[in-house]
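All remarks here apply to the structure that follows.
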Amino acid sequence: MTDTKAQTQAKSADAGHASAPKEHYDIVVAGGGYVGLSLALSIAQASDLKVLVVDPQPSERLRKDERASAIASAATKMLDRLGVWGEIGPASEPIRDMIVTDSKVSDPVRPIFLTFEGETAEGEPFAYMVPNGAMVGALSDAALKAGVDLIECDSVKDFAIEGGMTSVVLESGHSCTAKLLIAADGVRSRLRDLAGIPVVRMDYDQVGIVTTVEHERPHEGRAVEHFLPAGPFAILPLTGNRSSLVWNERTDDAKRMLDMDDFTFSLELERRFGKQLGELKELGPRKGFPLGMTLARRYIDPRFVLIGDAAHGIHPIAGQGLNLGFKDVAVLAEVLVDAARLGQDIGAFDVLERYQRWRRFDTVQMGITCDLLNRLFSNRSDILRHARDFGLGIVDRLPGLKRYFIEEAAGNRGDVPKLLRGDAL
């Protein structure tokens with residue numbers, strides 16, 4: 001008798017949420033977020049490598065995440081190739097165009113200095129707003145079906161290189177060996193610290209306030225970025241008459257706003273959002289995230305790799321944080337699958353060095369670019385304001401340059417790995 005989809009997923013989940021790992025894996029991934037799961041899925045679908053994902057959170061909590069993330073066109077091609085975009089896409093909202101303003105909160109008019117059309121090709125938006133819960137749920141289910149082992153509510157406590165293998169010890173006391181340990185455990189990566197990999201850190205004294213609002217009138221798929229003295233205020237379209245807000249404020253002001261009652265917060269929100277979409281209603285939840293830049297000085301050690309935010313945490317001003325992580329996934333999966341097919345040791349330093357060479361310059365460049373943009377726009381200098389507005393006006397009059405920026409934001413420029421082109425590994 002053929003199982004239904006729900007029965008199949010239940011059986012996969014039972015296998016994947018085992019209480020203890022097997023004795024040996026080819027790859028252990030520490031971190032079961034979008035980056036860790038998509039990497040495990042990519043490798044499992046394209047090879048016979050045995051993969052374990054260890055995550056400290058239960059997947060049910062991640063599936064209930066009400067926030068949304070901006071992902072580039074290239075990332076949607078990868079998710080489609082992995083077989084999950086069909087589930088994620090209907091819940092996502094394409095960004096059809098984008099406008100940029102530069103003003104003070106008190107200014108009665110916010111002139112538009114820069115506009116971007118939202119398509120890289122006909123019918124292909126340069127980015128989408130994707131619900132976090134839907135994305136992690138689809139990736140988790142697909143990874144389990146592909147044969148990935150998933151252990152929840154546990155994490156990697158320690159590891160050591162022993163005789164050409166990595167010995168991995170979990171907080172639960174269970175242990176296993178692997179040819180390669182991949183740290184996808186976020187910007188405050190504990191494994192990065194255990195490996196002794198130094199980082200460059202910069203605190204921006206800013207907090208990103210994230211929430212969701214409902215408005216009277218449709219947004220028509222338009223994203224808006226208001227550059228305000230305290231930091232950018234981004235309005236990003238969601239399905240229906242809803243928008244996701246990423247609101248940067250100085251740390252002290254942000255703490256005050258996060259603690260405001262709903263009525264007072266709505267007044268502050270309206271001052272920044274404006275009335276162009278009618279009355280606003282905060283749907284929540286309202287959360288704050290400290291902003292900074294964290295760049296690892298190297299991404300690899302023998303049998304150890306950093307990926308995603310563990311390798312590079314950047315300012316969200318350009319909306320490229322998760323997209324950098326997905327590009328890491330596409331590159332590392334391609335490198336490891338190619339090495340396995342050639343019979344090479346996937347944990348060998350020379351194999352991992354290919355990943356580092358491919359990704360390090362790109363991520364450092366993006367981190368520095370976002371740092372400079374934040375410094376240029378998040379200030380109260382009228383001189384800088386007039387200079388940057390003049391520059392934005394020039395860019396707006398040069399279609400070729402705008403096209404370059406759109407293609408860059410869509411992830412279509414440079415040495416694009418196979419998965420981000422929509423090709424199989």
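Screening region 46-96 for helices (runs of 4 or more DSSP H) wholly inside it with 2 or more residues that are modelled with pLDDT of 95 or more returns the ranges 73-81, 85-88. Every test in (1) closer than 30 Å to residue 161 by Cα; (2) in contact (Cβ under 8 Å) with a residue 24 or more places away in the chain; (3) of a type outside the set (Val, Ile, Thr) is passed by residue 339 save one, and that test is (2).
Any residue at all in region 376-389 that's closer than 19 Å to residue 325 by Cα and without any contact (Cβ under 8 Å) to a residue 24 or more places away in the chain? Scanning region 376-389 turns up no residue that is closer than 19 Å to residue 325 by Cα and without any contact (Cβ under 8 Å) to a residue 24 or more places away in the chain.
With respect to residue 421, determine if the residue is touching an Asp or Glu at 6+ places or on another chain (Cβ under 8 Å) and not β-branched (Val, Ile, Thr). So residue 421 does not fit the description; no.
Please determine whether any residue of region 116-133 is part of a helix (DSSP H, G or I) and either in contact (Cβ under 8 Å) with a residue 12 or more places away in the chain or exposed (fewer than 15 other Cβ atoms within 10 Å of the Cβ) (or both). Within region 116-133, one or more residues are part of a helix (DSSP H, G or I) and either in contact (Cβ under 8 Å) with a residue 12 or more places away in the chain or exposed (fewer than 15 other Cβ atoms within 10 Å of the Cβ) (or both).
More than 26 Å from residue 80 (Cα to Cα), within 27 Å of the chain's Cα centre (by Cα) and of a type in the set (Phe, Trp, Tyr), is that true of residue 405? No.
Comparison of 109, 130 shows that the only residue that is at pLDDT 95 or above and aliphatic (A, V, I, L, M) is 130.
Identify the residue in region 93-130 that is touching a helix residue (DSSP H, G or I) at 6+ places or on another chain (Cβ under 8 Å) and polar (S, T, N, Q) and, among all such residues, is nearest to residue 403 (Cα to Cα). Checking each candidate, the answer is 120.
The values are calculated or read from the model by the stated rules, or taken from the named source; none is laboratory data. Owing to the predicted nature of the structure, the values given are computational and were not obtained by experimental measurement. For neighbour counting, all protein chains shown are included, and Cβ atoms are generated from backbone atoms with ideal geometry for every residue, glycine included.
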